[in-house]
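The values are calculated or read from the model by the stated rules, or taken from the named source; none is laboratory data. This is a predicted model, so every value here is computed, not measured. Cβ atoms come from the backbone with ideal geometry, glycine included; neighbour counts cover every protein chain shown. Surface areas here come from the heavy atoms of the whole protein model, side chains and all, with no ligands, DNA or RNA. Shrake-Rupley method; radii C 1.70, N 1.55, O 1.52, S 1.80 Å.
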Amino acid sequence: MQRMKLLLCSTLTLTLMLLTFSASVKAQKKNKDKENEKAASLPQVIWQDPGDMASLNMIYGAGGEAHAPDPNGKFTFVVEDMEGTSPKFDVTDEQGIRWRVKLGEEPQSETAATRLLWAAGYFVDEDYYVAEFKVTGMPKLRRGGNFVSEDGTVRRARLERKLKEVKKLGDWDWFNNPFLGQQQLNGLRVMMSLLNNWDLKAINNSVYDVHGERRFLVSDAGATFGNTGSPTSRSKSDLKGYENSKFIEKASPDFVDFVMHSRPSVFGAVDVSNYKERTQMEQVTKHIPRADAKWLGSRLSMLSDEQVRDSFRAGGYTPEEIDAYSRIVQTRIAELNAL
């Protein structure tokens with residue numbers, strides 16, 4: 001009898017726990033649905049006027065000097081992030097600010113790319129390049145360990161400031177979004193070719209809920225300033241590859257096709273899904289209204305030579321690389337204005 005009572009009591013307890021859990025899940029789902037419904041009603045934006053172009057500080061970018069990390073400050077390891085192709089992990093600084101640290105091939109190119117995107121009026125994350133800083137509690141990383149010394153010194157990193165007021169709502173697709181046919185989206189498409197950004201997957205585009213707006217942005221611009229192409233030829237932060245690549249493919253009186261190579265070779269067709277996705281990416285920079293391309297060129301031409309150079313200084317490039325990258329960017333801006 002006692003055993004039966006214990007069994008009954010256990011069954012009732014388990015049932016109560018399951019009912020409580022179910023109610024909690026339903027409540028969370030209801031709250032989530034309300035949040036999504038509220039977010040869906042927010043105004044949608046993909047571009048904002050950056051104001052006086054001549055006053056833009058391209059060294060510090062969107063976050064400004066006030067939000068820049070202190071390379072000599074104390075950073076504490078939080079967690080390693082295994083998503084994506086680049087090694088990443090999170091740290092917090094002495095003020096409790098959380099930073100996403102990226103290592104590998106992309107820190108320099110992404111930092112420079114965000115500066116130019118921001119100056120053109122597009123939303124970007126607050127990215128900073130840090131040549132060297134120290135992290136306490138640093139474990140042995142599963143990826144990117146060659147950029148970290150035994151004492152926790154991290155080299156050649158991009159630090160992205162994680163803003164509490166920014167909430168990610170999801171991703172967006174180049175071929176399915178609220179701005180199709182609009183000048184500002186077309187300008188962003190041109191920017192992808194100007195930067196030679198060959199990784200145009202939807203997962204690299206984000207929608208943020210921030211300051212009462214749904215902001216659409218390219219949130220991963222690391223695959224830039226190299227050569228576009230197949231897996232065997234494309235590159236990142238590769239001066240020679242960027243210098244030797246073509247910008248404008250062809251132009252008619254009304255439309256312009258910009259160069260973008262992303263499709264794998266015929267051998268890559270074995271992976272049908274990837275082959276289709278990469279082939280479609282090449283269309284992002286095609287059939288762009290000539291007027292919209294010229295509009296972007298006129299915006300970028302407001303930047304001084306020194307501001308363009310500062311974009312690459314911010315990325316930690318050498319003086320020789322700064323000269324060369326800046327010259328290529330200025331040449332491409334001139335090509336837009338000559339359309």
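Would you mind finding the longest exposed-site-free stretch of the chain, with exposed trypsin sites (Lys or Arg not before Pro) meaning DSSP loop and at most 12 other Cβ atoms within 10 Å? Result for the longest clean stretch: 1-139.
Placing +1 at every Lys and Arg Cβ and -1 at every Asp and Glu Cβ, with all other atoms neutral, what dipole size does the chain have around its Cα centre, in debye to the nearest 20? Taking the Cα centre of the chain as origin, the dipole is about 1400 debye.
When the charge dipole of the chain is built from unit charges on Cβ atoms (+1 for Lys and Arg, -1 for Asp and Glu) and taken about the Cα centre, the candidate among THR318, ILE248, ILE203 whose Cα reaches farthest toward its positive end is ILE203. Here the extension length gained between THR153 and ALA338 equals 61.9 nm, from 0.36 nm per residue of separation less the Cα-Cα distance. Using alpha carbons only, how many degrees (0 to 90, rounded to 10) separate the axis of helix 107-119 from the longest principal axis of the chain? Once rounded, one gets 70 degrees. With 28 Å as the limit on Cα-Cα distance, the pairs of LYS201/LYS286; LYS162/LYS246; LYS164/LYS294; LYS140/LYS236; LYS168/LYS246; LYS140/LYS276 that go past it are LYS162/LYS246; LYS164/LYS294; LYS168/LYS246; LYS140/LYS276. Only alpha carbons enter this Debye calculation for the chain, each as an equal point scatterer, and the log10 of I(q)/I(0) it gives at q = 0.10, 0.11, 0.14 Å⁻¹ is -0.65, -0.77, -1.18.
Using a probe of 1.4 angstrom and keeping all protein chains present, the accessible surface of the stretch 69-176 works out to 46 square angstrom per residue. Helix 305-314 and the long axis of the chain differ in direction by around 30°, with both axes built from C-alpha atoms. With a/c under 1.5 counting as rounded, go ahead and sort the stretch 180-312 into rounded, prolate or oblate using the C-alpha gyration tensor (a ≥ b ≥ c being the square roots of the eigenvalues; past the cut-off, prolate if a/b is larger than b/c, else oblate). It comes out rounded by the Cα gyration axes. When the Cα positions of PHE258, VAL154, TRP172 are compared along the charge dipole of the stretch 147-269, VAL154 comes out farthest toward the positive end, with charges on each C-beta of Lys, Arg, Asp and Glu. With a 10 Å cut-off between alpha carbons and a GNM built on the chain, which of SER55, SER262, SER304 moves the most? Looking only at SER55, SER262, SER304, the largest GNM fluctuation is found for SER55.
Largest GNM mean-square fluctuation among ASP90, ASP52, ASP173, using the chain with Cα springs under 10 Å: ASP52. If I build a Gaussian network model for the chain, linking alpha-carbon pairs within less than 10 angstrom, which residue out of GLU126, GLU282, GLU320 has the largest mean-square fluctuation? Among GLU126, GLU282, GLU320, the largest mean-square fluctuation in the Gaussian network model of the chain belongs to GLU320. Only protein atoms count toward the accessible area here, which uses a 1.4 Å probe; on the chain, the carbon and sulfur part of that area reaches 53 percent.
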